[in-house]
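The values are calculated or read from the model by the stated rules, or taken from the named source; none is laboratory data. All values reported here derive from a predicted model rather than from experimental measurement. Don't worry about glycine lacking a Cβ; one is built from the backbone with ideal geometry, like all the others, and counts go over all protein chains shown. We work out accessible area using only protein heavy atoms, side chains counted, and drop any ligands, DNA or RNA first. Shrake-Rupley method; radii C 1.70, N 1.55, O 1.52, S 1.80 Å.
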Amino acid sequence: PPPFGTGEPRGGSDAGEIQLELMTNVCMKFLSRIADCTIDVNSSVHVPAMRLLLSLLKEGFLDEFEDEAVWERINNCAINPSASPEMRKFALEFVIEQLEAFDDPEDEDAAAGDEERIIVGKIDALASWVAAAVTGPKTTPANARVKFADYVVASLRSIPEHSSIATNWSALLRAINEDSVATTTGGSTADKTVDAVKQLVLLRMLMASVVEEVGSVSDADFLNGARGSKKNAKKARNTSHEKLSIELLKALPSLFVKFSGDSRMLQQIASLPRYLIHSVFSLPQRKADFTAVLKQIGELYTKSTDESVLTQCAMSLTHMAGGSHSRVVDAKSQVQKIVDLLVAKVNELAALKLSTGKKKKKGEIDADAEFALGLALTQLRILSKRVDVSPLMASEVEVETFVTAMKECAEKRVAQAKDANMTLAESKVVVKEAMEVNLAILGWKVAALHDSEDDKMAEEANEDLTTGDVAGVDDENDADAGDSASIVSIRDHLVELCTDALELKGEGAAWEEDRDSDFAVFRAVIQRAACLCVADLRSICAKGLKNAANATLRAVAFTDDSKLLSVLTKYVRGLDKGKGFASGPLVAIARDLVANWDVVNRREAGVVLSNIAGAGGDASKMVSAFIKVAKNKDGVKLLEAHMASLRSTYEEWQNSQPEELSDKPSDEEMERYAEESEQHEDMYNGIRSQASKLSSSLGVTKLSNAKMQPAMVGFVKEGLRYAFSCGKDKDGNEDQEQFGDRLSFLGPLKSYLSWIKKNAGHKSEIVQEYEHREKDFKSSLFYDEEVHEEVLKAFGDDFISALITRKRTRDETAAVDHADDSVFNPAPLAGNNDDDAGVAPPKDPSSKASSSMMSIAEEAGSGGSDEYEKGMFDGAGGKADDGSPPKRRRTRGQ
């Protein structure tokens, strides 16, 4: 029933009809509160409140209400991203009730004579309102949120009496071409900014209407630019889709001309051709339109410098060059012309000599030419990600020659990079794009190998084979091995270029301090690009391919990655953990690790895990998601990565100890030392937080992967071995100065004991291991009771007390109490005999700790200190662990 109407009063039918006008004062009194309900924290009241407001408006109760702020708050619900579709629909009806263009025409004969004119007026009025709603004091056409027009189109389609507006293509196109001045809801002329934004809104409404309509008659593959199934392709040949395609194809040539100088408008126009159905391209009467659009997109692609415009053009070009329509050859010819032009331009400009000074010399490339080279590579990269450009070159030899030329061109700019270069700002684009074009070419070639292998396996599966000639298969695969030389060459070129970029350093001692210099920006851009390319390259040429049946796939597997991994992990560790870190380098490396988890490098995985704490909320969430995936793949390897992560972070902490004070320190020196000591203590607390979060990621009350429980014992044993071990000097012998330095590692390791305590046998085993290590530590020739006793009790007793209660003598208790009163000072860990130095026992970590650290067999060539002990999970020498304390074994240290 309607919210308002006539009915019987409480007194009965004799009392007469309800007088609605008497409700006006009540509505005015509570209107502000009703309006607030549309944005109430309780979303269940949003729609009822909006429906009530709509009824009040229709019944005339809001005619005298003049609070513009309240009107605006209600109206804006129609484009509120957080509102529900139903809420936005009723809100749009509320807006429509206020627009004069939607009033019933007084002259019915005039209305019948130009029905489209009326619809154009409605579209224009809606666009004007949206433009005014998204335009503020600081809004420009470049930053206006015109995408909110999508909500208006979606709501229009759900309102029966207005749904035809969103599919009236001739009216939508006419509204765009007429370019009338924007107006307000009251009918007055809007300002110039709103008028400029209105044109963008109209185009956005057209694009949103196209996407909605195409989505309703075709499948997701068509919308995403992928090749759909034959069944869905037949479904896409809908009458409404064909009508839409014809109207757009006729209008596109004039739209390209009308908005040729506006990149924001061109971005939306260039996206439209990819929504057209292929069958329309074959219509004889549409040949001229197809040819005109194809030519305009091709010219726009070679001239535009806007990446968004280029991306939309590339998607439309590849759509027009696909399918089986009669003009596909013309479209492919256009793509060929673009590739030929770009390759020729890159070869020409890359051959010029690089300028290494602030003034250009004869024969050297200037800033304009360097910009043109970077733009050509950008255009080639965007196109090469949509279509394989290799077959469009003359031969495989030309492809390899082109890739080599790009690599040498980029390498020169990396090798000669310095602030004196006049083209350094433009050169960063050249290097970055050269990497990405190389990667795209490599990706298409490896993908073709996979497709070929899949087709071959499918054919073999369909055959009824009774006998097989294994030698013949091997011969065929061996013959394919010769085809891998080109792919391996392209891969190695990219590896060399990325390695050079990641190793790049500046000149002098202070180059790292100036982060705004041309060199610093150049270095940051190319190293980020190199990091992302390396992650993708290692997924494309995964180590696991070394076991492939196809010889060519085996050959392209990237297995010799030790040097590259070393520079990559160093780069990631040195990055600022600010904006863009989690969504860029961190997620790229995590994705690569998941793809290669069977042969994962634990140290590299440890770099990712170390960002679970102290790198921001986005990084922590991403690492948690990575752990969840890795845990399901192989929990034991994940524990090994935990150990690598903690040890690496711990060693960084050890190497950052404050510089010792001089004999007679100044006030400035004392202040510096106090500040550095505080930072050092914060770093240690960060390691404990990291360990606690890593442990918590393994489960709640029990380990989510049961196979990790036995491995957890080995993990803690390895942690104990490391904590009681001694670093090495330059000759490889145990260094007395480093004896006892690692006892503080017991602090982070304690976070994992919550998993050990759940099993009495495991608990006893760890206690025995600790006592054995402690006994050996005290019996060492390097042990000095005055130096090491307090440190051992501070960290050792805190660790073992989580498992058992140990009785102390009065002297031992007093020694620990003395340690509790002291300030955390790393000096005793370095063997300093200063009487005033002490170590406070670390604070107990969160009781929620539940972890997955495990011992790790270090990968060969990955670098780092103190290799993990062999057989740590199953006893020495790979034999079953009987629970007895192992014999004393010398360990390799730093």
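For the range 367-440, the solvent-accessible area works out to 34 Å² per residue, with a probe of 1.4 Å and every protein chain left in place. Structure note, pairs Lys58/Lys122; Lys633/Lys793; Lys407/Lys621; Lys29/Lys138: Cα-Cα distances above 30 angstrom occur for Lys633/Lys793; Lys407/Lys621; Lys29/Lys138.
Here is the result for the range 581-614: no trypsin sites (Lys or Arg not before Pro) lie in DSSP coil with at most 15 other C-beta atoms within 10 angstrom of their C-beta. Ellipsoid semi-axes for the range 275-322, based on the Cα gyration tensor and the rule √(5λ), read 22, 12, 6 Å when sorted largest first.
Rounded to two decimals, what is the ratio between the C-alpha radius of gyration of the range 593-635 and 2.2 N^0.38 Å?
Relative to the rule-of-thumb radius for its length, the range 593-635 sits at 1.11.
Please state the relative contact order of the range 626-684 as a whole percent: Cα pairs under 8 Å, 6+ residues apart?
Details: 20 pairs, mean separation 18.2, N = 59.
That works out to 31 percent.
Calculate what fraction, in whole %, of the accessible area of the range 492-640 sits on carbon and sulfur atoms when a 1.4 Å probe is rolled over the protein chains. Carbon plus sulfur share of accessible area: 48 percent.
Separation of the alpha carbons by more than 28 angstrom is noted, of Lys505/Lys631; Lys89/Lys385; Lys258/Lys337; Lys728/Lys763; Lys631/Lys750, for Lys505/Lys631; Lys89/Lys385; Lys728/Lys763. The accessible surface of the range 660-752, taken with every protein chain in place and a 1.4 Å probe, is 47 percent carbon and sulfur.
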